[in-house]
Amino acid sequence: MKSRYTIIWLLIAILLSACHAKEEMTYSADPVDNIEALWQIIDTKYCYIDTKGIDWQAIHEEYIAKAAALNINDKMALFDLCASMLDSLRDGHVNLYSDFDRSYNTAWYDSYPANYNAELQKLYLKDYRIAGGLYYCTIDDGKIGYVYYPSFSNSVGVSNLYWIFTTFKDCKGLIIDVRNNGGGDITNAYKLAAPFFTENQTIGFWQHKTGTGHNDFSALEPMTLDQSLVEQCKWLRPVVVLCNRHTYSAANLFVSMMRYAEHSTIVGGISGGGGGMPMSYELPIGWMVRFSSVRMYDRDKKDIEPGIAPDITVTMTSTDKDDIIEKAIQWINKQ
Amino acid sequence: MMLFPVLLMAQENVEHDNILKIKVGTGYQLDTYLSPLGYTGMVYGLGNEWWQPFRKDTKLGKTGKLDHWAHVGRVDIALSNYYSKARTNKYMGVQLAAGWGAFYEWRWIDERLKVFVGPYLDADFMVREQANNVNKIVSLDVAIDVMAMGGISWSFYGKKTSYRLGYMLRTNLIGFDYLPEYWESYYEITQGVPGQPRCSGHWNHNTLKHQLALDMQFPHSTWRIGAEHELINYGTDNLHFVRHQFGIVVGCLWKYKIRANARL
């Protein structure tokens, strides 16, 4: 009987110990609460504050004062204030999402040449086929394969690559055009890059935040290109990757990886960067904020956030041809 | 398939309860990996639970007499749909739980009052998708625990119906759970970068699952109505997870036993 009571009291004691305090953020439409929360989120979780030399503390004082002057019912004004604060990060991966608007930053590409003209591209991208997210055809009298990939959000599979390479089996080289590709799923970047390598290898590193300090990061973790992604589907002839300032995020990572392929070169303008893998979080008002949180580096441990400089820089000036594609054709024909 | 085990059990004088049930309830979810805001919504579940006494062993083999030890197992699946208070985002979740336990039963008053205590091995998994999250859409709970299980039941009789009112409680003692690292992305997780599989117990992971059930034996069928409550609360550093659910349960109970017209 005594042991019976002991067991019962033990159970009660265990139940009473089950009390962890919740750390929930409560819903609020108050401008000061939301600016404060947004500032805290970026302060503790954004990965480039110190790298970009941003005085985030000064921004706090400036924007809290502005928020205090806002009408609590004017949600659009609050949205604009939050967006303005986020603009100071100069980052294409930073957005604020509400039911009525989405903020975005343009400072990272405004002062760069477009280096892409869809009308001129049509002179080359003719009678094309579409495999997964890849548009492909031959150019230069069938001597060169041309693949245009407008978004890494569209999937690429090994069977897509198999059919493309089979179509291009008599071509001397291949052009992969990722200009104006704003990124998407980085697993597609791995799959598209893998056929140009012969063995598993480290093609970059990443590190995520481990604490609330601006420089609290994990150790560099290798990003490995796994050949099992594409099995025996290979392209070991010359390949040119075309990029411009709008080549961003996953596309930027793809360009970074392709620099290490044996028969490749990069042609065009500097890519857009977006080397910080974005994450999302929510404000007390329920809006979602997206921001860079995981830093990505190339194989030489150099940050890819500022963009990748091409091996051959070309700025488009012609009005009757695509100078960047022409340069790529020229490079392949010289190999 | 149903007849065979019934006959087999009848010969061996073993009673076996099997309950198929549905659950409808409400829930609260805090998952700071996805959002600092708490979400609330509905839970819909389906489950199966079975109870069976062990048989007494003698030198001549199993006698068929019931022992004071019994075992219980259950499998539950639930779908949940939670919204933030601002209704600007939602979680969709799938929850799987399975477990098995053995318990010792004390019986009083013609075996109408029973109290039981024992260990229980519980596996709990839930995956959540946040609808409007752009780059980090999925979070999950993974835990395997050795639990303490206890309960009490009281059987009573009406004119044509017999009833059993039971309460059961389980809480974790020690086990393993998994946490993503602080702000680790799902790309990194799927690439094999380790999160934090860790030893868990009441110092860092609280699980409390309990149920209140009324079984009603009518002439041709036995039904259950009841309520289930579940609280899971754990975290580390700046990550904090809370799953709090309450549901109403309706089930059908198959009770296999040898004595004709026997009450519960």
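Just so it is clear, none of the values below were taken in a lab; they were calculated from the coordinates. These figures come from a predicted structure and were not determined experimentally. We place every Cβ from the backbone using ideal geometry, glycine too, and count neighbours over all the protein chains shown.
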So what's Rg/Rh here for the stretch A:73-185, counting alpha carbon atoms and using the Kirkwood radius for Rh? 1.15
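What ranking, highest mean first, results for peptides A:301-314, A:274-287 when packing means the other Cβ atoms within 10 Å averaged over each residue? Write down the numbers at each step before the final one.
Numbers: A:301-314: 17.7, A:274-287: 24.6.
Output ranking for A:301-314, A:274-287: A:274-287, A:301-314.
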Output the peptides A:96-109, A:34-47, B:143-156 sorted from most to least packed, where packing is the average of other Cβ atoms within 10 Å over each peptide's residues. A:34-47, B:143-156, A:96-109
Could you state the number of Å between the C-alpha centres of the stretch A:285-313 and the stretch B:110-168? 46 Å
Report, in listed order, any pair from B:Lys21/B:Lys85; A:Lys302/A:Lys334; B:Lys159/B:Lys209; A:Lys126/A:Lys191 with a Cα-Cα distance greater than 27 Å. B:Lys21/B:Lys85; A:Lys302/A:Lys334; B:Lys159/B:Lys209
Going Cα to Cα from B:Lys90, which aspartates and glutamates come in below 15 Å? Please leave out same-chain ones fewer than 8 positions away. A:Asp99, A:Glu282, B:Asp31, B:Glu129
How do B:198-204, A:220-226 rank on mean C-beta neighbours within 10 Å, highest first? A:220-226, B:198-204
Output field shielding_mean for A:286-299 (other chain Cβ, 10 Å radius) holds 3
Here is the link list: A:Lys169/A:Lys327; A:Lys172/A:Lys301; A:Lys75/B:Lys23. Which ones come out longer than 29 Å on Cα distance? A:Lys172/A:Lys301; A:Lys75/B:Lys23
